[in-house]
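One structure is given here, and the rest of the page talks about it.
The values are calculated or read from the model by the stated rules, or taken from the named source; none is laboratory data. The structure displayed is predicted, hence computed values, not measured ones. Backbone-built Cβ (ideal geometry, glycine too); neighbour counts: all protein chains shown. Surface areas here come from the heavy atoms of the whole protein model, side chains and all, with no ligands, DNA or RNA. Shrake-Rupley method; radii C 1.70, N 1.55, O 1.52, S 1.80 Å.
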Amino acid sequence: MIDPAFLGRREIATSDAMEHLGLIIGEQLQPGDLLVLTGPLGAGKTTFTRGLASGMGVRGPVQSPTFVIARTHPSLVGRAPLVHVDAYRLGSASELDDLDIDFARSVVVIEWGREMAPSIADAWWDIELERPVGVAGDDVADEDLDADAPRVVTIERITK
């Protein structure tokens, strides 16, 4: 369970700070917690998840699961495993169900899963990450996606 003090909107100045936020939240998570991360490419979803993994004491390295869809990181300290899912290429919650994830005994992080969350859980942590936009409102160029620029993180508790 995430401390209510972390709910709301905050600016995160650097990727190290994003990872640190993940670490602090990861220390609080319990089996059955579901986190849904939403944000454009380069917003910091995997960086945040890397911090969660550190806080949970799971085996790494944490990388984006884009091409494998889901990665399970077992605990090194007797806690729940972390299941990191990229739902971008999944068409529905039933495809997510086909992955046979043990939601009750794991902490599950789903990137790009906002539309699927209501089909798989009664409650979840909705975490939106925003990255800078260009002067004219255009997205930052692809080569600058990893730039250490401030991000905005909004954390909400959603229940059906």
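Candidate values (1) 25, 21, 15; (2) 39, 19, 13; (3) 24, 18, 15 were compared with semi-axes √(5λ) of the Cα gyration tensor in Å computed on the shown model; the agreeing label is (3). Neighbours of Ser106, meaning other residues whose beta-carbon lies under 15 angstrom from its beta-carbon, give a summed charge of 0 when Lys and Arg score +1 and Asp and Glu score -1. Residues considered: Leu34, Leu99, Leu21. Largest GNM mean-square fluctuation over the chain, using C-alpha springs under 10 Å, is found at Leu99.
Hydrodynamic analysis of region 94-133 uses the Kirkwood radius over alpha carbon pairs. Inserted into Stokes-Einstein at 4 °C and 1.567 mPa s, it gives a translational diffusion coefficient of 110 µm²/s. The C-alpha atoms of the chain define a longest principal axis, and helix 15-26 lies at about 20 degrees to it. The accessible surface of the chain, taken with every protein chain in place and a 1.4 Å probe, is 51 percent carbon and sulfur.
Spacing of the modelled spin labels on Phe103 and Ala13, each 7 Å from Cα toward Cβ, amounts to 3.9 nm. Relative to the dominant Cα principal axis of the chain, helix 45-56 is inclined by about 50°. Can you give me the C-alpha center-to-center distance between region 68-120 and region 1-37, rounded to a whole angstrom? About 17 Å separates the Cα centre of region 68-120 from the one of region 1-37.
In the chain, helical runs assigned H by DSSP with n ≥ 4 each contribute -39500 (n - 2.57); averaged across all residues and rounded to the nearest 500, the mean residue ellipticity at 222 nm is -5500 deg cm²/dmol. Think of the chain as having a plus end and a minus end, set by charges on the Cβ of Lys, Arg, Asp and Glu; of Phe67, Gly55, Gly91, Gly55 sits farthest toward the positive end of this dipole.
Between the residues Ala43, Thr14, Ile24, the greatest Cα displacement towards the positive end of the dipole of region 1-55, with unit charges on the Cβ of Lys, Arg, Asp and Glu, is found for Ala43. About its Cα centre, the chain has a charge dipole of approximately 540 debye under the convention of +1 per Lys or Arg Cβ and -1 per Asp or Glu Cβ, with nothing else charged. The residues Phe67, Phe48, Phe6, sorted by heavy-atom accessible surface at 1.4 Å with ligands and nucleic acids left out, run Phe67, Phe6, Phe48 from largest to smallest. Given a 1.4 Å probe, how much area per residue of region 1-63 is accessible, in Å²? Result: 44 Å² of accessible area for each residue.
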